[in-house]
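Q: Quick one: the structure is below, questions incoming.
The values are calculated or read from the model by the stated rules, or taken from the named source; none is laboratory data. Quantities reported herein were computed from a predicted structural model and do not represent experimental measurements. Using ideal geometry, Cβ is built from the backbone for each residue, glycine included, and neighbour counts are taken over all protein chains shown. These accessible areas exclude ligands, DNA and RNA; they are computed on the full protein's heavy atoms, side chains included. Shrake-Rupley method; radii C 1.70, N 1.55, O 1.52, S 1.80 Å.
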Amino acid sequence: MLLRKIPSSGEALPAIGIGTSRRYEVEPTPDKIAPLREAVERFVALGGRVIDTAPSYGTAEDVLGQILPEGGLREKIFLASKVSERGKDGLAQIERSFQRMKTDKIDLIAVHNLVDVDNNLATLRALKQQGRIRYVGVTVWADRQYPDLEAVMKRETLDFIQVNYAIDSRLAAERILPLAKDRGMAVMINVPFGRDRLFGAVKGKPIPDWAAAFGCANWAQFFLKYVIANEAVTCPIPGMAKVAYVEENVGAARGRLPDAAERKKMEALIDAV
């Protein structure tokens, strides 16, 4: 798989991760967890590492707490979560995340949607000093949050940001992604499929023949290769709850990426549907 380095450390991560919002918010029973475990195992077998979650994603942390301790998976995963409570409640929420996921170390914790960002970043930095987490960051999910995100990125030293970016939602590429590159911040991309808008737009349409030139075999790879082709992007995190989705999506991090001219052609195609 294509690897991208975390600027603050030089650690390399595979350029496709798993996001657990919605898809992993299931009752944590053996029958519900089994297909998710199969997806994670296949993801790791194909070279994947990054799994992103959050306390606010229903039972997702509990589900990961059932999956990751088995078969040595936890040691193979770059585990990311978030904090979204205020003040001292933020630390209490983080402690619950450790308990729910049955781990004594979380690789990345980010301030979710910039909630109480100053206090939460102070808490996260203390945990980083203690060696309980390895990286700190902040997240947003909507264009309207960009002014606040930009301000935080300019005044804080962060290992990661997480932001929405897709072929039909490109505003982040104008200021946020260049700023992350300038400031040495790794970038996770949420909703790279445009919250399922993209699949609805191309439903029943064949992938264009010219996409084969940069290794696209399906629409998922088309959308993900577009995102990864931006050099500021470290790792998009689409939801992957089935082995088939894992195999499709991981394929986007293999082979050539579209160049600037091809990306313009991709944008024009999607803008027209």
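Q: Sort out for me the Cα centre separation of the stretch 201-267 from the stretch 1-68, rounded to whole Å.
A: Using only Cα atoms to place each centre, the spacing works out to 20 Å.
Q: For the stretch 3-271, report the accessible area per residue in Å² (1.4 Å probe, heavy atoms, rounded to an integer).
A: Values: 11350 Å² over 269 residues.
That works out to 42 Å² per residue.
Q: Over the chain, with a Gaussian network built from C-alpha contacts below 10 Å, which listed residue (V83, V191, V44) shows the highest mean-square fluctuation?
A: For the chain, modelled as a Gaussian network with Cα springs under 10 Å, the answer is V44.
Q: Tell me the label-point distance for the pair K264, I207, using the 7 Å Cα-to-Cβ offset, in nm and rounded to one decimal.
A: 2.4 nm
Q: Give me the net charge of A60's neighbourhood, meaning all other residues with Cβ under 14 Å from the Cβ of A60; Lys, Arg count +1, Asp, Glu -1. Could the numbers behind the result be given before it?
A: On the way: positive: R22, R23, K32, R37, K82, R96, R100, K102; negative: E25, E27, D52, E61, D62.
My count for the surroundings of A60 gives +3.
Q: With each run of n ≥ 4 DSSP H residues scored as -39500 (n - 2.57), what mean residue ellipticity at 222 nm is computed for the chain after dividing by its residue count and rounding to the nearest 500 deg cm²/dmol?
A: Details: 11 runs with 108 residues, N = 273.
Calculated mean residue ellipticity at 222 nm is -11500 deg cm²/dmol.
Q: Could you please state how large a percent of the accessible area of the stretch 3-271 is carbon and sulfur, counting protein chains only and using a 1.4 Å probe? If you can, show how the numbers build up before the last one.
A: Working: 5640 of 11350 Å².
Answer for the stretch 3-271: carbon and sulfur cover 50 percent of the accessible area.
Q: Per residue of the stretch 22-35, in order, report the coupling 6.51 cos²θ - 1.76 cosθ + 1.60 (Karplus, θ = phi - 60°) as ³J(HN,Hα) in whole Hz, putting x for Gly and Pro.
A: 6, 4, 9, 8, 10, 4, x, 10, x, 5, 6, 7, 3, x
Q: When the Karplus curve 6.51 cos²θ - 1.76 cosθ + 1.60 is applied with θ = phi - 60°, which whole-Hz ³J(HN,Hα) does each residue of the stretch 213-219 get, with x for Gly and Pro?
A: 4, 10, x, 8, 9, 7, 5
Q: Add +1 for every Lys or Arg and -1 for every Asp or Glu among the other residues with Cβ under 9 Å from the Cβ of L179, and state the total. Provide the component values of the computation, followed by the final result.
A: On the way: positive: K154, R175, K181, R183; negative: E150, D182.
After counting each charged neighbour, the total is +2.
Q: Another question about this same structure. Starting from the Cα-Cα distance between D196 and E25, subtract it from 0.36 nm times their residue separation and give me the gain in nm to one decimal. Walk me through the numbers before you get to the answer.
A: Details: separation 171, 0.36 × 171 = 61.56 nm, distance 1.73 nm.
Full extension of this stretch gives 59.8 nm more.
Q: State the extension gain, in nm to one decimal, for the chain segment bounded by Q99 and A217, taking 0.36 nm per residue of separation less the distance between their alpha-carbons.
A: Details: separation 118, 0.36 × 118 = 42.48 nm, distance 4.03 nm.
My answer for the length gained is 38.5 nm.
Q: Under 5 Å between amide H atoms, partner at least 5 residues away or on a different chain: which partners does S81 have, H built in plane at 1.01 Å?
A: Distant-sequence amide H within range of S81: T53, L108, I109, A110.
Q: Could I ask something else about it? Pairs K76/K225; K105/K225; K5/K128; K225/K264; K82/K102; K5/K181: which are spaced more than 21 Å apart, C-alpha to C-alpha?
A: Details: K76/K225 24 Å; K105/K225 31 Å; K5/K128 19 Å; K225/K264 13 Å; K82/K102 16 Å; K5/K181 12 Å.
Result: K76/K225; K105/K225 exceed 21 Å.
Q: N120: net charge of surrounding residues, Cβ under 13 Å, Lys/Arg +1, Asp/Glu -1, itself excluded?
A: Values: positive: K82, R86, K88, R125, K128; negative: E85, D89, D116, D118, E156.
So the environment of N120 carries a net charge of 0.
Q: Further question: Out of V136, V202, V63, any idea which swings most in a Gaussian network model of the chain, alpha carbons joined below 10 Å?
A: In this elastic network of the chain, the residue with the biggest mean-square fluctuation among V136, V202, V63 is V202.
Q: Sticking with this one: Could you work out which residue, out of E25, E70, E262, moves most in a Gaussian network model of the chain, that is, has the largest mean-square fluctuation with Cα springs under 10 Å?
A: Result: E70 has the largest fluctuation of those listed.
Q: Taking θ = phi - 60°, what integer Hz values does the Karplus form 6.51 cos²θ - 1.76 cosθ + 1.60 yield along the stretch 91-108, in sequence order, with x for Gly and Pro?
A: My calculation for the stretch 91-108 gives 5, 4, 5, 4, 4, 5, 4, 4, 5, 5, 8, 6, 9, 9, 9, 10, 5, 9 Hz in order.
Q: Then there's this: Amide H neighbours of T20 under 5 Å, at least 5 residues apart or on other chains, H built in the peptide plane: list them.
A: When sequence neighbours closer than 5 places are left aside, the close amide H contacts are D52.
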